[in-house]
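Novice: The structure is given below, and queries will be raised subsequently.
Here, each number is a calculation from the coordinates, and none is a lab measurement. A quick note: this is a predicted structure, and the numbers were derived from the prediction, not measured. Reconstructed Cβ throughout: ideal geometry from the backbone, glycine too, with neighbour counts over all protein chains shown.
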Amino acid sequence: MPNLLIHLDPQQGYNNVFQLGEYQMKLTRFGIVRLAKGSSLEADTGEMEAALVILGGKLSIKGNNFAFDEVGKRRNVFDGTPHTIYLPRRTSYTVTALTDVDYALNESPVSRDTARPCVIAPEQTRSFAIGRDNFTRAATVMIDEKFDSEHFYIGEGMIPSGNWSGYPPHRHDFDNLPDEIDMEETYFYRFDPAGGFGIQKVYQPDGSIDETYTVKNNDTVAIAKGFHPLCGAPGYRMYYLWTMTGKNNRGLISLKDPAHSWVK
C-alpha cells in the first residue's frame, strides 16, 4: 500500500498536493494556492469542475461573464465559516489577492455542464455537531448532494482539543444504497496553535490496508478506500477540510466498522 500522507510547505502560487490518478484517486485533483496581497493567478478549469475553498484572506475572481469583487472574510480556518467559489468546466478565470490569501483548489473531471460560477457564502452553508463525549466535533457543509455538481461533496471539520472524529470508524467504498455509497475523500489539516498534530488511521478489517499517520499543519491524506478515523492531540484545535467525490452518488452515507458500530 503506498504512503497516503502528503506533506506540504505552501509557497507563493499553486502548490500541487496530488494529481488525478495518484494515490488511486480517480476523481480528485487537489492543491493549495497561496497569493501575496496584490498578486494574481490565471487558470482554466479545462474538463474539470472546481471548488475554491478560501482558507484565509480575501480575493476577487473574474472570468468570462462573471466577476466576484470581494470574496472571503475569515483570517484563517479557525476564524469562522468559509466562502467557497464553484466553477464549472471550460472556465478561464483570474484570481487577485486583496489581502494575503490562501485557498484549497479541488478539481474533478466532469462529463456535463454543471452549475454556473457562483460564490457559496457562509450563510448558505450548513453546520451541525456530531458525536458525543470525547468524539464530539463540529461540521460545516459547503457543497452537498443538492448542489449542481457532478462529483463534489465538500465540508470542514473542527475537532476540539484531544477529541476524535470520523468515529465510529466509517468507510464509503461501494455503491450499496441505502447503507453505503462509493466516494473517495481528501483530508487537509491545520492546527491551532500551528505546532499541533493528530493521528489519522486508514484501514480495512482484513488487514489489506493498515496505515497510521501523524498529521501536522498543511498535511493531506488521500483516502481512496478504507475506514478512516482520526484524533487530535490535547491542547490543539484540529481543522480538516474534507473533499469527497462520488461517481454515481453523493452524500453522508457510510458504513460503520461492525467491530465498533455499537458505539453510538
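Novice: If we sort 30-39, 215-224 on the protection proxy, mean other Cβ atoms within 10 Å, highest first, what's the order?
Specialist: Order by mean packing, descending: 215-224, 30-39.
Novice: Based on Cβ point charges of +1 for Lys and Arg and -1 for Asp and Glu, what charge dipole magnitude is obtained for the stretch 5-256 about its Cα centre, in debye rounded to the nearest 20?
Specialist: 560
Novice: Can you give the charge dipole size of the stretch 48-181 about its Cα centre, rounded to the nearest 20 debye, using +1 on the beta carbon of Lys and Arg and -1 on the beta carbon of Asp and Glu?
Specialist: Computed about the Cα centre, the dipole is about 380 debye.
Novice: Quick one: if you stick a label point 7 Å off each Cα along the C-beta vector at Lys26 and Leu177, how many nm between them?
Specialist: Going by the 7 Å Cα→Cβ label model, 1.9 nm.
Novice: Right, next: Which of Lys58/Lys216; Lys26/Lys264; Lys146/Lys247; Lys216/Lys256; Lys201/Lys256 have a Cα-Cα distance over 23 Å?
Specialist: Lys58/Lys216; Lys26/Lys264; Lys216/Lys256
Novice: State the answer as a single residue: which of Gly80, Asn106, Val202 lies farthest towards the positive end of the charge dipole of the chain, with beta carbon charges of +1 for Lys and Arg and -1 for Asp and Glu, about the Cα centre.
Specialist: Gly80
Novice: Separate question: Where in the stretch 219-236 does the label zone of Ser208 land, with the point 7 angstrom along Cα→C-beta and an amide N cut-off under 20 Å?
Specialist: Those under the cut-off are 222-229.
Novice: On to the next question. Just rank Leu98, Leu59, fewest to most, by other beta-carbon atoms within 10 angstrom.
Specialist: Ranked by crowding around the Cβ, least crowded first: Leu98, Leu59.
Novice: Once you have a ≥ b ≥ c as the square roots of the Cα gyration tensor eigenvalues for the stretch 113-254, tell me rounded if a/c is under 1.5, and otherwise prolate or oblate according to whether a/b is larger than b/c.
Specialist: Oblate.
Novice: Return Met142, Met48 ranked ascending by Cβ neighbour count within 10 Å, so the fewest neighbours appear first.
Specialist: Met48, Met142
Novice: Just order 192-204, 9-21, 154-166 by mean Cβ neighbour count inside 10 Å, highest at the front, would you?
Specialist: So the order, starting with the most tightly packed, is 154-166, 192-204, 9-21.
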